[in-house]
Amino acid sequence: MVHLDSTEIASWHRQILLLEAEGKVTRTFRRLDPDRQFAVIEALLAEAAEVGPQAVSVKRVAARAGVAVGSLYQYFARRDGMLDFAAQACVGFLTECLDGYRPVMATLPLREGLLAYLGGGVEWSRAYAGLLSFFVRAAYQGLPAYADSMVRPVARSMRGLLAALIEAAGQRGELRAGVDVDTVTRLVHAFTIILADPALVPHLNDYVLLFDTGHQPEAIFEAGVDFIMNAIGSRREGTDHG
């Protein structure tokens, strides 16, 4: 079971209150312990990732979450709204967390910030396995219903976090002259996805061949960030870390 920290609990509670006000979840669910709430959400998303959104079984979800089938019907106003609620709650939670990291990340030197973004992002994603598995299915296999409601909003927040980091680096003189920050942010966003996702989704690594026993994520991330720094960093930054 995921154990949320105090900041995550506050963010999660805000999402549940908003969705309760919209009639998408009941007061009974809102009164559950946050970790138990997230267990139900993770079970819904993991089930949908495994069998597809149209084949979700309430019985299997209940078993995954460790709750009675009847409890699920007490938590949600409509059976067919369970998955959309789970996805919407997680999108709000994810984007709020990502957006909240911007001020702190912007204070870090660019190289340090990029390494924290990669390493922390992988560690965080592994802790939320059900959410990760559903997001991967929506992003890589294409679930049209969730492209606008889930994939793009999360991706925009990811790119926004990188933009804050890169813009701050430019203001500190860490970027080489003439760098187009918007274009660079888009490229770094795409590059960090290529670096991180195969560490989270083994079948992607079968294609990109980034990791093996002699090439672990930490070392690959270091090399990838050095690659970025050599491409966009000032001469001083490239000399220090290249």
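Of all residues in the stretch 43-68, those that are surrounded by 17 or more Cβ atoms within 10 Å (Cβ to Cβ) and acidic (D, E) total 1. Within the stretch 97-104, at least one residue is charged (D, E, K, R), out of contact with any Phe, Trp or Tyr (no Cβ under 6 Å at 6 or more places or on another chain) and modelled with pLDDT of 90 or more. Of the residues making up the stretch 134-144, not a single one is in contact with a strand residue (DSSP E or B) (Cβ under 7 Å, 6 or more places away or on another chain), more than 20 Å from D99 (Cβ to Cβ), at pLDDT below 95 and of a type in the set (K, R). Scanning the stretch 65-74 for residues that are touching a residue at least 24 places away in the same chain (Cβ under 8 Å) and within 18 Å of A48 (Cα to Cα) yields A65, G66, V67, L72. For the stretch 31-42: of the residues being within 23 Å of the chain's Cα centre (by Cα) and farther than 19 Å from V151 by Cα, which is surrounded by the fewest Cβ atoms within 10 Å (Cβ to Cβ)? Ranking the qualifying residues of the stretch 31-42, first place goes to D33.
Could you list, in sequence order, all residues of the stretch 205-224 that are of a type in the set (A, V, I, L, M, F, W, C) and either surrounded by fewer than 18 Cβ atoms within 10 Å (Cβ to Cβ) or farther than 20 Å from A155 by Cβ (or both)? Selection gives V208, L209, L210, F211, A219, I220, A223. State whether one or more residues within the stretch 56-63 are under 19 Å from S133 (Cα atoms), under 23 Å from the mean Cα position of the chain (by Cα), part of a helix (DSSP H, G or I) and basic (K, R). There is no residue in the stretch 56-63 that is under 19 Å from S133 (Cα atoms), under 23 Å from the mean Cα position of the chain (by Cα), part of a helix (DSSP H, G or I) and basic (K, R). Among the residues making up the stretch 143-189, those that are touching a His at 6+ places or on another chain (Cβ under 8 Å) and either basic (K, R) or buried (at least 20 other Cβ atoms within 10 Å of the Cβ) (or both) are R159, L162.
The values are calculated or read from the model by the stated rules, or taken from the named source; none is laboratory data. Computed from a predicted structure; not experimentally measured. All Cβ positions, glycine included, derive from the backbone under ideal geometry; neighbour counts span all protein chains shown.
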